[in-house]
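**Q** Structure below; questions to follow.
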């Protein structure tokens, strides 16, 4: 096998592990992971922040559409990389193969640190949706502190206890095995798609206060301009992020050369259609000011935009019904995120670039239990701090920063390994990866301009891993990296 080091390749021999991950994920659960992780909290919560950023319904829908097209282009890049390198770790594997150990190591550390933010955000969202039908008491403990120039609020109460509890439940489910976790994911994804389509149908067919004129609504106070549209796309990318998760569990996908591209591309297209339909329903049923003043950092105590839309056709019965829909959707994303994220730390530890215990597999279930449990513990800690938008802003900033080199990995690996088997070849090469990288760079810059504190804190957290690299370098030199198949 090839070892990607400082831009070169050397041969490394190691004793194979007696335990290997099981390829139990067929096309249905693999597609369910893409759709189920992607359709989570963002489509129910992020439209408010986007409306605040751009100020008109047309620009909100435009941001959703453009972000969806960017996500589809990114999914095409990941499809080529995933089919060529169908090994656990996803972006970690691609970065290490294309650019060497340092970028791969930084991604692995970031995946654990800020991946916990994704898990925490889903836990926080569960609490938000429950609070739509049952108001929580005031927090039991609140403390604000400064970190890298950013204010963070550490708070604990019933809301945080709910978030931690749901994370623990789905950690236990995924410790039971990837096949069981995949079946749970499939069931949750089918349920959420049916429920979301029910919301769209309910708004268009039964809403009593809808008005097609809302779609052309008056401008709302917003930052506007190029940076404002970038901020709206930044928010939408949280809602679209999900297609990049399946390759993290590529070692557990059956027939990955065929299954990975089909699941990633098909799942992303389905999500794009659903998102546009849902947001058209929001903007059709609600005046624009109600969309912009829904639950967000600016309006933390307001109902979610989705809850307000459901209320237009269910009235007083909306809160419990909407909360059930949102909970199903959110826990589906949480389950898939826990399942896949744990594989990155496992893969990097297996290669010597993370702490050795993370590479251990359960002899019974072949699940990286240590990696999974510690990741969920970290997510539970983060769930007790910050707001939903703070957590997702940090997570999306890390996505944008790493997607730049990951998409360019397609170009690097085609030039470095032209002979490697590519069961799926990216159409529009080399322009597609270049365009995605440029858009990600623009979104990252827009994020720094519009949410500077969270963005700078994210960059600092990523770079803090650099001093740890020499500690792992010697062990990594004895461990191979999966190579493109000739």
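Where a number appears in this text, it was derived from the coordinates with a stated rule and is not lab data. Just so it is clear, the structure is predicted and the values come from calculations on it, not from any experiment. Cβ coordinates were reconstructed from backbone atoms using ideal geometry, including for glycine residues, and neighbour counts include every protein chain displayed.
**Q** Most exposed first by the Cβ proxy, i.e. fewest other Cβ within 10 Å, how do 394, 440, 50 rank?
**A** 440, 394, 50
**Q** Quick check: residue separation of residue 381 and residue 58 times 0.36 nm, minus the Cα distance between them. What number comes out in nm?
**A** Full extension of this stretch gives 112.4 nm more.
**Q** Just need the Rg to Rh number for the stretch 2-476, please, alpha carbons only, Kirkwood Rh.
**A** 0.96
**Q** Moving on. So, in nm, how far is label residue 473 from label residue 362 when the simple model puts each one 7 Å beyond its Cα toward the Cβ?
**A** Distance between label points: 3.8 nm.
**Q** Extending each Cα 7 Å along its Cβ direction at residue 254 and residue 316, get the distance between those two points in nm, one decimal.
**A** Label-label distance for residue 254 and residue 316, simple model: 5.1 nm.
**Q** In cubic angstrom, how much convex hull volume per residue do the alpha carbon atoms of the stretch 234-276 span?
**A** Spelled out: Cα convex hull of the stretch 234-276, divided by residues, is 65 Å³.
**Q** When 245, 284 are ordered from fewest to most other Cβ atoms inside 10 Å of their Cβ, what list results?
**A** In increasing order of surrounding Cβ atoms, one gets 284, 245.
**Q** So how far apart, in nm, are the two label points at residue 289 and residue 135 if each is 7 Å from Cα heading toward Cβ?
**A** About 2.3 nm separates the two model spin labels.
**Q** Continuing with this model, one more query. Roughly speaking, what is the stretch gain from residue 464 to residue 415, that is 0.36 nm per residue apart minus the C-alpha to C-alpha distance, in nm to one decimal?
**A** 14.5 nm
**Q** Let me ask something additional. What ranking of 377, 173, 443 emerges when the number of other C-beta atoms within 10 Å of each C-beta is taken as an exposure proxy, fewest first?
**A** 377, 173, 443
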